[in-house]
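Novice: If you scroll down you'll find the structure; I have some questions about it.
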Amino acid sequence: MDAAATRGLILRSRTGAAYRFDPGALCLELLTTGGPGPFRRYEVLHRPADLAAWVDRSRLAPAPALEISAADVAHARRLRDALFRAVLARTGGEPYPPHDLEVVNEAAARPPLAPAIGPGGQRQWAGTAGGTHLISTVARDAVDLLTGPLAHRIRTCAADDCHLVYVDTSRPGRRRWCSMEHCGNRHKVRALRARSEEG
């Protein structure tokens, strides 16, 4: 199996079934940890260990050695919530909330994680970084995404009860579902059931 086939986070549905979700960008992976308003009930970033666990699952491979404080967790949640609102504004064709852009830009202005080449030629991260470096790296990824050529391809899953956000990197640009394993399959089952009821 190639790397593209295995990329993505493993999420769980309400029924407990596991499925793979690839949002296409590091910053959008952070949105799976909770969010503002009604998404607060999905919050998983409570302690430094929670943020470290998210890093281990993220596309920051290999995972950097980090020293994360409780304040870093609060800053990560603040960035995530601002980014969530900004992305939803983008997908809804609305202007970005100015305060949320300030939060993203302020985080992006700090020093990010520094990549390095290891002794065997492998990619690694320089030294032990702090949570501020991690948050800056995520914010810079958000700036690149929201100002780059794929900004118009940011989508929200078409399922009425799913709010996952992803970048549609498919060649035709017609991806509708967060995951064909999950929402795409549920849609197929419903459509098949509706057709059989009509017949």
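The values are calculated or read from the model by the stated rules, or taken from the named source; none is laboratory data. Only a predicted model underlies this, so the values are computations on that prediction, with no experimental measurement involved. Cβ: placed from backbone, ideal geometry, glycine included. Neighbour counts: every protein chain shown. Side chains included, ligands, DNA and RNA excluded: accessible areas come from the protein's heavy atoms. Shrake-Rupley method; radii C 1.70, N 1.55, O 1.52, S 1.80 Å.
Novice: Filter region 77-95 down to residues that are in contact (Cβ under 8 Å) with a residue 40 or more places away in the chain and of a type outside the set (D, E, K, R) and give me whichever is surrounded by the most Cβ atoms within 10 Å (Cβ to Cβ). Lay out the reasoning, then the answer.
Specialist: Keep residues of region 77-95 that are in contact (Cβ under 8 Å) with a residue 40 or more places away in the chain, which gives 77, 79-81, 83-88, 90-91.
Still in the list and also of a type outside the set (D, E, K, R): 79, 83-84, 86-88, 91.
Numbers: L79: 23, L83: 28, F84: 21, A86: 21, V87: 25, L88: 19, T91: 12.
Filtering first and then ranking leaves L83.
Novice: If you check A126 against the conditions, is it surrounded by 12 or more Cβ atoms within 10 Å (Cβ to Cβ), within 22 Å of A49 (Cα to Cα) and at pLDDT below 95? Even if it seems obvious, please write down each step before you answer.
Specialist: Details: surrounded by 12 or more Cβ atoms within 10 Å (Cβ to Cβ): yes; within 22 Å of A49 (Cα to Cα): yes; at pLDDT below 95: yes.
Judged against the criteria, A126 is a match.
Novice: Taking the conditions exactly as written (buried (at least 20 other Cβ atoms within 10 Å of the Cβ) and assigned to a helix (DSSP H, G or I)), does L101 satisfy them or not?
Specialist: When the stated conditions are applied, L101 does not pass them.
Novice: Those residues that are of a type outside the set (D, E, K, R), part of a helix (DSSP H, G or I) and free of Cβ contacts under 8 Å to residues at least 40 places away in the same chain, I need them from region 142-159; list them, please.
Specialist: Going residue by residue through region 142-159, those that are of a type outside the set (D, E, K, R) are 142-143, 145-152, 154, 156-159.
Imposing the further condition that a residue be part of a helix (DSSP H, G or I) reduces the set to 142-143, 145-147, 151-152.
Residues satisfying the conditions are V143, T147, H152.
Novice: Search region 160-176 for residues that are within 19 Å of P36 (Cα to Cα) and touching a residue at least 40 places away in the same chain (Cβ under 8 Å) and pair each with any residue that is of a type in the set (D, E) and part of a loop (DSSP other than H, G, I, E, B) when their beta-carbon atoms are under 9 Å apart and the residues are at least 6 apart or on different chains.
Specialist: Sorted first by the residue in region 160-176, then by its partner, the pairs are Y166/D22.
Novice: Name every residue in region 129-160 that is of a type outside the set (A, V, I, L, M) and either more than 27 Å from P95 (Cβ to Cβ) or crowded, with 19+ Cβ neighbours inside 10 Å (or both), in order of residue number. Before you say what the answer is, go through the steps one by one.
Specialist: Kept after step one, since they are of a type outside the set (A, V, I, L, M), are these residues of region 129-160: 130-133, 136-137, 140-141, 144, 147-149, 152-153, 155-157, 160.
Those that are of a type outside the set (A, V, I, L, M) and either more than 27 Å from P95 (Cβ to Cβ) or crowded, with 19+ Cβ neighbours inside 10 Å (or both): G130, G131, T132, H133, S136, T137, R140, D141, R155, C157.
Novice: Right, next: Quick one: in region 38-76, which of the residues that are in contact with a Lys or Arg (Cβ under 9 Å, 6 or more places away or on another chain) and farther than 23 Å from G127 by Cβ is most open to solvent (accessible area, probe 1.4 Å)?
Specialist: E43
Novice: Identify, please: which residue in region 107-122 is open to solvent by less than 30 Å² (accessible area, probe 1.4 Å) and either in a loop (DSSP other than H, G, I, E, B) or of a type outside the set (A, V, I, L, M) (or both) and is, among those, nearest to R140 (Cα to Cα)?
Specialist: Here the residue is L113.
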